[in-house]
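The structure appears below as structure tokens.
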Amino acid sequence: MTKLEKAQIILEAIDKHAPTCVDWNLDDLWLEAIMHGLSEIRVAELKETPEAATSRESSK
């Protein structure tokens, strides 16, 4: 599953379950922000458990 697909699921959940209404005219901005968050989570997870890195990620 790509970051974009994950971000879309998260945004739909926010729209359905959070006390806010998502302005779907701004969905690109929402999705970009969520994808940045997913990237930051991945970096933090790799710092916690470096052995979880793929060979491509560990070479960065």
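Every number in this text was worked out from the coordinates using simple rules, so none of it is lab data. Just so it is clear, the structure is predicted and the values come from calculations on it, not from any experiment.
Computed extension gain for residue 4 through residue 51, at 0.36 nm per residue and net of the alpha carbon distance, reaches 14.4 nm. Note the angle between two axes, namely the Cα long axis of helix 3-17 and the longest principal axis of the Cα atoms of the chain, as a number of degrees from 0 to 90, rounded to the nearest 10. Once rounded, one gets 40 degrees. When the Cα convex hull of the chain is projected onto planes of every orientation, the mean area is 5.0 nm².
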